[in-house]
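*Asks:* Below you'll find the structure I mean.
Just so it is clear, none of the values below were taken in a lab; they were calculated from the coordinates. Computed from a predicted structure; not experimentally measured. We place every Cβ from the backbone using ideal geometry, glycine too, and count neighbours over all the protein chains shown.
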Amino acid sequence: MSLTSKSMRACMVCSIVQSTRQFMNDGCPNCEDILQLKGSNDAIQECTSQVFEGVITLADPQASWVARWLRLTDYQPGVYAVKVEGSLPEEIIETLRANKYNWMPRDGSELDERQEE
């Protein structure tokens with residue numbers, strides 16, 4: 001499976017990179033309870049993006065300094081995008097906040113803000 005394939009997408013909440021088929025069959029291993037991607041092409045289109053930059057592979061997110069930097073330590077091992085372009089629907093953002101989900105935009109804007117401080 002090639003990461004440059006047009007069928008690869010990144011979750012806009014956790015930034016995990018999977019094929020469209022994986023999202024369709026299994027959902028997101030980190031965010032499925034909120035996003036409900038499994039079996040929903042509409043949810044996959046709204047909450048994942050084909051436009052992402054850089055990828056990292058995390059075998060042990062708890063021990064990785066890169067995982068700490070990107071705030072991925074509580075997620076499943078896998079391939080993650082460094083930046084994900086796109087905007088989540090407002091109702092998803094509201095659901096994340098209502099469930100006290102530790103969410104940050106994955107487009108790099110929050111990382112840029114932390115570096116400016």
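*Asks:* For the condition touching a strand residue (DSSP E or B) at 6+ places or on another chain (Cβ under 6 Å) and more than 14 Å from Val13 (Cβ to Cβ), what is the one hit in Val66, Val51, Val84?
*Replies:* Values: Val51 fails: touching a strand residue (DSSP E or B) at 6+ places or on another chain (Cβ under 6 Å); Val84 fails: more than 14 Å from Val13 (Cβ to Cβ).
Answer to the selection: Val66.
*Asks:* Could you list, ordered by first residue, the pairs with Cβ atoms under 7 Å in which the first is in segment 5-16 and in contact (Cβ under 8 Å) with a residue 60 or more places away in the chain and the second is assigned to a loop (DSSP other than H, G, I, E, B) and buried (at least 24 other Cβ atoms within 10 Å of the Cβ), at least 6 apart or interchain?
*Replies:* From segment 5-16, the pairs are Cys11/Cys28; Met12/Arg106; Cys14/Cys28; Ser15/Arg106; Ile16/Cys28.
*Asks:* Which of the residues spanning segment 50-68 are over 13 Å from Ile16 (Cα atoms) and either among the charged types (D, E, K, R) or surrounded by 13 or more Cβ atoms within 10 Å (Cβ to Cβ) (or both)?
*Replies:* Correct list: Asp60, Ser64, Val66, Arg68.
*Asks:* Among the listed residues Tyr75, Tyr101, Tyr80, which satisfies the condition of being hydroxyl-bearing (Ser, Thr, Tyr), surrounded by 19 or more Cβ atoms within 10 Å (Cβ to Cβ) and not in a strand (DSSP E or B)?
*Replies:* Numbers: Tyr101 fails: surrounded by 19 or more Cβ atoms within 10 Å (Cβ to Cβ); Tyr80 fails: not in a strand (DSSP E or B).
That would be Tyr75, the only listed residue that is hydroxyl-bearing (Ser, Thr, Tyr), surrounded by 19 or more Cβ atoms within 10 Å (Cβ to Cβ) and not in a strand (DSSP E or B).
*Asks:* What's the total number of residues in segment 19-68 that are among the aromatic types (Phe, Trp, Tyr) and either closer than 22 Å to Leu96 by Cβ or touching a Pro at 6+ places or on another chain (Cβ under 9 Å) (or both)? Write out each step before concluding.
*Replies:* The first filter runs over segment 19-68 and keeps only residues among the aromatic types (Phe, Trp, Tyr), leaving 23, 52, 65.
Checking which are either closer than 22 Å to Leu96 by Cβ or touching a Pro at 6+ places or on another chain (Cβ under 9 Å) (or both) leaves us with 23, 52.
Total meeting the criteria: 2.
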